[in-house]
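Sharing a structure with you now.
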Amino acid sequence: MIVLQKPDRLVPILVPILSMGMNSGRLCLTLKSRQSLYPGIPCLRLGTRQISFFICKKSMSTPTLGSKFWWWVFATTIGFVIGFFLGLFSSLLAIYTSLSAISGFWGGALGGLCVGIAQKLVLRKKVSAKWILATSFGFSIGCGIGGLIIASTSIRHNSIIGPILGMVSGIISLSFAQARTMGWQKNKTIKWLIATTLGVTVGAGTGALACILAGVIAGQIFRGGLDTLGTVLLAATVAGSMVSGLTYGGITGLFLIKLLPNSHNSP
């Protein structure tokens, strides 16, 4: 216990007060100042009355709500781009083998692994390592079922049903697997399902448009024959995956900051 004989010395401390609140019978004072004026004053005696309180200093290293949101979008985008290329190339390795029909499962799992790791680095202690496995599982189901339907001999010529069913199965498995790792109840799970649905569908649409647009622009810049085809395809793929990841991360991030506990402080 520390007792101050001259309470007037508290004036320099009380001036930058931003807000006051009661916490377990103690008066909590939050300072605007980012400098630690005093290490802590647990007790103050004013005349015959004694007030116990503590000073909560806002740390300079504590990220704001906006910065955490943008870190989530950035990490999701980077993870999406890296995961897309790793998943695509790993799937192409088996395209002419007997495993080509199921290559989408491990390609999607690898892509989801990259996204899950990137998101875990942002969320840190707010989610367990199971988030990575849940993300990898959701991507694996979506890409695997979509690829399996496309490779099926019965509907080989229908390349629309495969992506649609793959997207639906991926959305359901991804959202419910991630919600389960968070221990969310029905209300939050439904909201996360809506967030994932919007993020995936809008992300796929904007990504497809960005891929086409980048391909056209790259084709105009790198005019030539087959020697420039690789460059055009690379530009289109990078643009498409980046815009998809950016859109998906932005939409899901807006929902996530409302679903996580203590969302008024951090997402």
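The values are calculated or read from the model by the stated rules, or taken from the named source; none is laboratory data. Because the structure is predicted, anything quoted here is derived from the model rather than measured. Neighbour counts run over all protein chains shown; Cβ positions are idealised from the backbone, glycine included.
Let's see how each residue does on (1) assigned to a helix (DSSP H, G or I); (2) within 23 Å of Leu254 (Cβ to Cβ):
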residue	(1), (2)
Ile78	yes, yes
Ala94	no, no
Ile102	yes, no
Trp106	yes, no
Gly112	yes, yes
Ser136	yes, no
Gly162	yes, no
Met167	yes, yes
Ile172	yes, yes
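Next question, about the same structure. Yes or no: Thr181 β-branched (Val, Ile, Thr), at pLDDT below 95 and within 17 Å of the chain's Cα centre (by Cα)?
Answer is yes for this residue.
A quick yes/no check of all residues on (1) of a type in the set (Phe, Trp, Tyr); (2) in contact with a strand residue (DSSP E or B) (Cβ under 9 Å, 6 or more places away or on another chain); (3) closer than 18 Å to Thr247 by Cβ:
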residue	(1), (2), (3)
Trp70	yes, no, yes
Thr77	no, no, yes
Leu86	no, no, no
Ser91	no, no, no
Thr97	no, no, no
Ala101	no, no, no
Gly104	no, no, no
Gly112	no, no, yes
Val115	no, no, yes
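Is there any pair linking a residue in the range 230-242 that is surrounded by 20 or more Cβ atoms within 10 Å (Cβ to Cβ) to one that is of a type in the set (S, T, N, Q) and assigned to a helix (DSSP H, G or I), with Cβ under 9 Å and at least six apart or on different chains, and which?
The qualifying pairs are Gly240/Thr206; Ser241/Thr77.
Give the number of residues within the range 162-178 that are among the hydroxyl-bearing types (Ser, Thr, Tyr) and within 15 Å of the chain's Cα centre (by Cα).
1
If you don't mind, there's one more thing I want to ask. Please go through (1) surrounded by fewer than 18 Cβ atoms within 10 Å (Cβ to Cβ); (2) more than 20 Å from Gln119 (Cα to Cα); (3) at pLDDT below 95 for Leu209 and return the number of the only condition it doesn't satisfy.
(3)
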